[in-house]
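The values are calculated or read from the model by the stated rules, or taken from the named source; none is laboratory data. Please read all numbers here as calculations on a predicted model, not as lab measurements. Positions of Cβ are generated from backbone atoms using ideal geometry, with glycine treated the same way; all protein chains shown enter the neighbour counts.
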Amino acid sequence: MPEKLTKRNGSKESGPQSPEEFWNSIRDQVRNQLVSLRDSFVNNRMSPEENEEWLGRAFLREQHFTVSVLEGAEMVLAAHPENFVTLFDIDDTMGATFFRNKDTGVTILRPSISRILAYLKSRGGRIGILTNRRKEIVTKQLTDPDHLTSIEDSIDKELIFSSGQLRSDSAHEFIEEYMTKVEGILDAEKIKKREEEPYTDNFGTTGDQQKVHALESAVRELRGSSILVVDDLWYPPYLNNKAGLYGVCIFDKGRFSISPFTFAR
């Protein structure tokens, strides 16, 4: 867990900080950054009250994201304290693409992400990216101030995996395939249980399939490492813990979005 601050006179030992305590330690800075972000954008169709509602919802999403990622990290570290890797999706997870005009997009990073990355690195973890953006584009964007420069130092450039051009089948074929892979990267038992009960997710989408295929390549390269995947798609909860794979699905509660704003002029 994140470490607590200690008294200079040594009267109090440092100790573990829960995900909620970590969130409480950064919440004011996150809120201030959200206000700054909101003030950098405008939406002439929204009233001041609606702008405040947006701020409140965005703040709750940052809280959910922060606590969920740290809870996932603590679960992995408890089971596999060494060779720990976290792979983050970019769009709607670490940040969001925003178009200044129809041809020019920028990446707006969520306020909590830099602090979360710093925490994961402080625990000895390596940090990579699992995205549908092409690898060469991500590599370039890590040095582009309009995109990912602010987190460049936290990202291991060898751990960039792209799912954008990988194959996908029908959801049914995909699910049937992984139900039979007992030692695969997905937990066959979890998938079978999902199929036996009324389910409430859309697991098996094209995005899920492409990310799973990309993750298979990542696992081969990272053999011997435990991997935490953070994404807004449906597949993370179905990752196979017995294979050292863990997932955090943030979906609607933790997705990052700056819609419906536009750039202030």
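Residues of region 76-84 include at least one that is among the small types (Gly, Ala, Ser), part of a helix (DSSP H, G or I), within 23 Å of Ser217 (Cα to Cα) and out of contact with any strand residue (DSSP E or B) (no Cβ under 6 Å at 6 or more places or on another chain).
Could you say whether any residue in region 24-33 is assigned to a helix (DSSP H, G or I), more than 29 Å from Asn240 (Cα to Cα) and touching an Asp or Glu at 6+ places or on another chain (Cβ under 7 Å)?
Filtering region 24-33 for residues assigned to a helix (DSSP H, G or I) gives 24-33.
Filter once more, keeping what is more than 29 Å from Asn240 (Cα to Cα): 24-33.
Next, from what is left, pick out any that are touching an Asp or Glu at 6+ places or on another chain (Cβ under 7 Å): 30.
Yes: one or more hits.
Return the only residue of Arg167, Arg134 being free of Cβ contacts under 8 Å to residues at least 40 places away in the same chain and more than 30 Å from Ser18 (Cβ to Cβ). Give the derivation first.
Numbers: Arg167 fails: free of Cβ contacts under 8 Å to residues at least 40 places away in the same chain.
So the residue among Arg167, Arg134 that is free of Cβ contacts under 8 Å to residues at least 40 places away in the same chain and more than 30 Å from Ser18 (Cβ to Cβ) is Arg134.
Restricting region 234-256 to residues that are within 13 Å of the chain's Cα centre (by Cα) and among the hydroxyl-bearing types (Ser, Thr, Tyr) leaves a set whose member that is surrounded by the fewest Cβ atoms within 10 Å (Cβ to Cβ) is Tyr246.
Here's the yes/no breakdown for (1) closer than 24 Å to Lys157 by Cβ; (2) out of contact with any Lys or Arg (no Cβ under 8 Å at 6 or more places or on another chain):
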{"site": "Ala188", "(1), (2)": "no, no"}
{"site": "Glu196", "(1), (2)": "no, yes"}
{"site": "Tyr199", "(1), (2)": "no, yes"}
{"site": "Gly204", "(1), (2)": "no, yes"}
{"site": "Val212", "(1), (2)": "yes, yes"}
{"site": "Tyr235", "(1), (2)": "no, no"}
{"site": "Asn241", "(1), (2)": "no, yes"}
{"site": "Leu245", "(1), (2)": "yes, yes"}
{"site": "Gly254", "(1), (2)": "no, no"}
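All conditions in (1) surrounded by fewer than 16 Cβ atoms within 10 Å (Cβ to Cβ); (2) modelled with pLDDT under 95; (3) outside any strand (DSSP E or B) hold for Thr97, with the sole exception of (3).
Here's a check for you: in region 109-123, which residue that is buried (at least 19 other Cβ atoms within 10 Å of the Cβ) and closer than 19 Å to Leu34 by Cα is farthest from the chain's Cα centre (by Cα)?
Initially, region 109-123 is screened for residues buried (at least 19 other Cβ atoms within 10 Å of the Cβ), giving 109-113, 116-117, 119-120.
From the residues that got through so far, the ones that are closer than 19 Å to Leu34 by Cα too are 109-113, 116-117.
Numbers: Leu109: 11, Arg110: 10, Pro111: 13, Ser112: 11, Ile113: 9, Ile116: 10, Leu117: 10 Å.
Restricting to residues being buried (at least 19 other Cβ atoms within 10 Å of the Cβ) and closer than 19 Å to Leu34 by Cα, the top hit is Pro111.
Within region 224-250, residues that are touching a residue at least 24 places away in the same chain (Cβ under 8 Å) and over 18 Å from Ile191 (Cβ atoms) sit with their Cβ atoms under 9 Å from residues that are in a loop (DSSP other than H, G, I, E, B) and of a type in the set (Phe, Trp, Tyr), at 6+ positions apart or across chains, in these pairs: Asp232/Phe256; Ile250/Phe256. Ile129 passes every criterion in (1) crowded, with 19+ Cβ neighbours inside 10 Å; (2) in a helix (DSSP H, G or I); (3) touching a strand residue (DSSP E or B) at 6+ places or on another chain (Cβ under 9 Å) apart from (2).
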